Each structure stands twice: as structure tokens, then as C-alpha cells.
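Computed from the coordinates by the stated procedures, all read-outs in this text should not be read as laboratory data. Bear in mind that the values here come from a model prediction, so they are computed numbers and not experimental data. Every residue, glycine as well, gets a Cβ built from its backbone with ideal geometry; the counts of neighbours run over all protein chains shown.
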Amino acid sequence: MKFSGTLNEFDILDLLNEYHSEMRKLKHKVAFVKTKIQDLEDQYKSIKQRADRARALHYKEELQENELIDLTDDDFEEEGDINPRTLKPVKNDKRKAGFKKKEGKIIIEYAKSTGKPKRKPGRKPQALSLWDSLIVDSIIENGKATISRELFERLKEKAIQGGFYESDDKTKIKLNQCLVKLTSKRNDLVKVDYPGRGHAYALPSWVDKRMNLLPEFGIHSSEGI
């Protein structure tokens, strides 16, 4: 509504009515937008909770299927290997150790290391497990060779976010198991030296033919201390 010259009382009333009408429309729109935002936030929260429960269920199913756990790895040797029954450090053993549940009891099993794993001819390699994928993804996200301690922190954080974290000791055991499988049995990762104690892990494409880490994927000496 346009007016020219001086406004009289009727012009002012018309303007006030128009502005009040616009205010009511804006208030209605604000209320509508707030309702939509709340609905979307509720939907997001519900979807995220279902996804977290699904990941936790998938993890538990994997643990049930994978009864025998390989504990051989030297990347936590400064802290000592973990006895799965007592969750306390034990002396290193050259044999491969594992444990499985039988009638509610945990039985420690040892087997001589044969170097390369036996694989039936023509058998396709199994897909990466949830923990395997988390480790490989962590190294890719880091963009360079990653030491075991940093992998542990990243794995712990992802497990907490996914709702399947149990304890530091169990996470270390799972990390050791997966690193052995990914480097020795599947060759999805390679173990490389770094300026510090232990090893770092990288993708096979990050090393040259002599298994030396390419400069762009290297670790500075200050990071390995």
C-alpha cells in the first residue's frame, strides 16, 4: 500500500493493519520452521541410534563367528603381551597363541607358526571384518604410515562412537589380531620401520619395490617418540 503526501488517521490505521498482518505471517512461518527443524533432528537421532545398534550387533556376531583369536604381535611389546584369561602382561612366546570359549570356559591354545597361512586353491579371500575396516580406514584418513599406538587411539574412539567399546585391553588384543591378519595373511597392509620403537603400518602402494616407505607417506622422528 502506497501513500503520497501527509498521512491521515485512516492511512495510518491501514498501514498498522498491514504490518500487523505481516507480523502474524512471519510468526506463523517461524513456528513452522521450528517444528520442521525439531522433526528433522528427531529423525536424525532415531536413524543414528538404529545405525549404532546395527553396528554393535554386527560386531557381536563377528565375535561369535570368530572364536579363535590370534594374539601374536610385537607392536605392544613395550607394554607386554596380554593374557586373554587374566588380561595381565605375560612373557613373549614364539608360538602363536589364541583362545576360544568352550562350555563357558576360556581355553588357551598354542600352535607352531608355519610362516604363510594355508589357503585352499581357488578360494576367494574373505571380506574385511568390521575391525579390519576400521584399521584400514584410520590409516587412509591419517594419510601416512601410522604407528600402533595412534591406531589404538583411533580404534578406541571409533569403537566408543559405534557403541561396541569394552575395554582398552580388549581393544589392544583385537588390534593386534587384526594387524597380524592384515599384514601377514591378507597383505592389505605392510609393516614398516619408523624412528622409534616398534613398527608403523601403511598401504602396500605407499612403499617402493624394496619395501621402503615413500617420502610423502613417512613419519617424522618427533611423531615416533
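One decimal place: the segment Ile160-Asp14 gains 46.4 nm when fully extended, by the rule 0.36 nm per residue minus the C-alpha distance.
Phi angles of region 30-47 translate, via the Karplus equation with coefficients 6.51, -1.76, 1.60 and θ = phi - 60°, into HN-Hα couplings of 4, 4, 5, 5, 4, 5, 5, 4, 5, 4, 5, 5, 5, 5, 4, 4, 5, 5 Hz per residue; Gly and Pro are given as x. Hey, which of these cross-link pairs are over 26 Å Cα-Cα: Lys45/Lys158; Lys156/Lys209; Lys45/Lys144; Lys158/Lys209; Lys48/Lys156; Lys48/Lys191? Violating the 26 Å limit, Cα to Cα: Lys156/Lys209; Lys45/Lys144; Lys158/Lys209; Lys48/Lys191. Spatially, region 148-164 and region 191-220 are offset by 22 Å when compared through their Cα centroids.
Near Val207, the amide H atoms lying under 5 Å from its own belong to Leu214; only residues 5 or more places off or on other chains count, and H is placed 1.01 Å from N.
With the simple spin-label model, which puts each label point 7 Å out from Cα in the Cβ direction, the Arg50 to Asp193 separation comes to 5.3 nm.
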